[in-house]
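Each remark here refers to the structure printed beneath this line.
Rule-based calculations on the coordinates, nothing more; no lab input. Owing to the predicted nature of the structure, the values given are computational and were not obtained by experimental measurement. Please note: Cβ atoms are built from the backbone with ideal geometry, for glycine as well, and neighbour counts cover all protein chains shown.
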Amino acid sequence: MFLPLNTAYQKGEIEYFIGNAEPEVVVCSPGNFGWVSKIAFQAGTRHVFTLGDDRTGSLLQRASVQRDVHEPVARGDDDLAAILYTSGTTGRSKGAMLTHRNLRSNAEVLQKAWGWREGDVLVHALPIFHVHGLFVALHGALLNGSKMLWFGKFDPKRVIEKLPEATVFMGVPTLYTRLLAEPGLTKQAVRNMRLFVSGSAPLLLETFNAWQERTGHTILERYGMSETVMLTSNPYDAKDGERRGGTVGFPLPGVGLRVRGDDGRDLPAGEIGGIEVRGPGVFSGYWRMPEKTREEFTADGWFRTGDVGKVDARGYVTIVGRSKDLIISGGYNVYPAEIEGYLNELPGVAESAVVGVPHPDFGEVGVAVVVARPGAQPEAGALLAALKAQLANFKIPKRCFVVKELPRNTMGKVQKNLLRDAHKALFA
Ligand code: MCA
Ligand code: AMP
């Protein structure tokens, strides 16, 4: 079973993942061997190998003395292939267990749905520790036997230079806005391209339209989750319908999708409610958290996505919001509850709330609002610096405010909508 982790994670985060997953083998970069191996060996891991960006390290050294012909191990559809950690809205991250069926069926469905064909070349510029870069993009190219133009890190200028050699590109919305900021993005640069796919976060209509105008291509937006792989997609082929900006298209073949009200009633076309799904891509549960798994499924076996949306009369799905308290920043998920937990532990902090506000580059970013303990005067910059020492950099709120009190409703619950509203123009 493969378990990828974001390379930005810090010690406390890695400690939790390794402790929870108890892997047999851990691979890290040579520079991190000291602290990562200590955590891993303490958790009972038997082997820690290193692998550098320049292909140095013990993993390839050890591999070079092995036979280079191997017997494949037979795996069944229900065997686990990967665990993808996704943060919980309360407390700790949960490991979504994905089976070979989940991954294979999704790759096959997408190969057909997106018209993968001989001669396709993929520009791969997404991180490979999340479903988008790891499965949607990589499996698409591998299953199709396609060449990939590989970017260890997204760089808009270098991507544009390579586009004339490519036919397929996949990105989160931030990649599209950064490409649009480059004068080099022209019709000429994309002349050989066949398909641009966007997902992981809402693509603004403004970006969708600007892309169409500048390149002549219509971005195909799709929707998925780590727990379900891909669920919906706008049509590839015009005969199946237009690619409609602001929507995530139709459920993919084999995917059941329904919208339900708070009372559990199925809602008719056009009405907004909680999105529930089932199908061959839906995971088999959270690693060692059977009770969490039960909570996320309905009695009749549908998975509650935590996304709020509607389906129109023609079947196009639109996501209008989320019932889960989650910020999606540049395609990375940031869970306010996790950041608040760390903030509340810092000296001088009585309580805190983290909310998402619009941001021109990342779509959405976190802003922290902190209440000081009586007599204490915590400084916003110092609080953010203290967080940065403990958490992956993309989780750090972009701004922090120290206030007298948090707005609460009569039930005593923090009114995050008021905080969001108060700070919505911060990065406008
Ligand atoms: C970097 N920074 C960020 C983010 N990325 N801040 C907020 N949100 C972010 N996403 C900050 C860092 O903290 C740092 O700040 C500064 O930007 C520079 O960091 P660097 O790593 O150099 O940034 P970058 O290379 O410009 O990265 C931006 C990026 C990256 C390329 C947009 O975030 C990215 O690759 N995002 C894609 C994520 C993804 O693949 N998601 C798919 C999830 P400082 O200097 O202050 O420390 S899969 C999923 O959601 C489902 C299944 C689906 O549907 O696909
Ligand atoms: P993750 O936990 O990283 O797998 O993120 C999954 C979440 O990303 C979904 O539940 C949605 O909230 C969001 N998401 C993915 N694709 C889209 C999209 N095209 N539009 C809006 N939200 C999306």
Only unsatisfied item for ARG158, checking (1) assigned to a helix (DSSP H, G or I); (2) within 16 Å of ligand 1 (Cβ to nearest atom); (3) touching a residue at least 12 places away in the same chain (Cβ under 8 Å), is (3)
VAL355: passes all of (1) surrounded by 17 or more Cβ atoms within 10 Å (Cβ to Cβ); (2) more than 26 Å from PHE17 (Cα to Cα); (3) touching a Gly at 6+ places or on another chain (Cβ under 8 Å); (4) hydrophobic (A, V, I, L, M, F, W, C) but (2)
Over region 208-225, the set of residues surrounded by 21 or more Cβ atoms within 10 Å (Cβ to Cβ) and either within 8 Å of ligand 1 (Cβ to nearest atom) or not hydrophobic (A, V, I, L, M, F, W, C) (or both) is THR215, GLU221, ARG222, TYR223, GLY224, MET225
Conditions (1) more than 16 Å from ligand 1 (Cβ to nearest atom); (2) not in a strand (DSSP E or B) -> ALA353 fails only (2)
Among residues of region 375-428 being of a type in the set (S, T, N, Q) and under 27 Å from TYR9 (Cβ atoms), the residue surrounded by the fewest Cβ atoms within 10 Å (Cβ to Cβ) is ASN393
Residue pairs within 6 Å by beta carbon, gap of at least six or interchain, first lying in region 175-200 and without any contact (Cβ under 8 Å) to a residue 24 or more places away in the chain, second buried (at least 20 other Cβ atoms within 10 Å of the Cβ), listed first then second, are LEU179/LEU185
- request: Return yes or no: is GLU291 acidic (Asp, Glu) and within 16 Å of ligand 1 (Cβ to nearest atom)?
  value: no
inquiry  = Can you say whether SER226 is over 18 Å from GLY95 (Cα atoms), within 13 Å of ligand 2 (Cβ to nearest atom) and not charged (D, E, K, R), as far as the supplied structure shows?
reply    = no
Please tell me if GLU206 is part of a helix (DSSP H, G or I) and within 16 Å of ligand 2 (Cβ to nearest atom). yes
Considering region 103-123, residues that are more than 14 Å from PRO280 (Cβ to Cβ) and among the small types (Gly, Ala, Ser), and then whichever is surrounded by the fewest Cβ atoms within 10 Å (Cβ to Cβ), we arrive at GLY119
Counting only helices (runs of 4 or more DSSP H) wholly inside region 7-76, the ones holding at least 1 residues that are out of contact with any helix residue (DSSP H, G or I) (no Cβ under 7 Å at 6 or more places or on another chain), aliphatic (A, V, I, L, M) and within 28 Å of GLU338 (Cβ to Cβ) are 11-21
When every residue in region 109-142 that is within 16 Å of ligand 2 (Cβ to nearest atom) and outside any helix (DSSP H, G or I) is compared, the one nearest to VAL229 (Cα to Cα) is HIS130
Listed by range, strands (runs of 3 or more DSSP E) wholly within region 226-285 having at least 1 residues that are within 16 Å of ligand 1 (Cβ to nearest atom), polar (S, T, N, Q) and surrounded by 15 or more Cβ atoms within 10 Å (Cβ to Cβ) are 229-233
TODO: State whether the residues of region 124-140 include one that is over 30 Å from ILE18 (Cα atoms) and either more than 19 Å from the chain's Cα centre (by Cα) or buried (at least 19 other Cβ atoms within 10 Å of the Cβ) (or both).
DONE: no
The number of residues in region 202-235 that are of a type in the set (Phe, Trp, Tyr) and farther than 30 Å from ASN6 by Cα is 0
Of the conditions (1) away from ligand 1 (no atom under 16 Å from the Cβ); (2) in a strand (DSSP E or B); (3) small (Gly, Ala, Ser), the single one that GLY366 does not satisfy is (1)
query: of a type outside the set (Val, Ile, Thr) and touching a residue at least 24 places away in the same chain (Cβ under 8 Å), is that true of ALA313?
result: yes
Scanning region 240-258 for residues that are free of Cβ contacts under 8 Å to residues at least 60 places away in the same chain and either more than 28 Å from PHE196 (Cβ to Cβ) or of a type in the set (Lys, Arg) (or both) gives ARG243, ARG258
By residue number, the members of region 49-102 that are in contact (Cβ under 8 Å) with a residue 60 or more places away in the chain and surrounded by fewer than 16 Cβ atoms within 10 Å (Cβ to Cβ) are ASP53, ASP78, THR89, THR90, GLY91
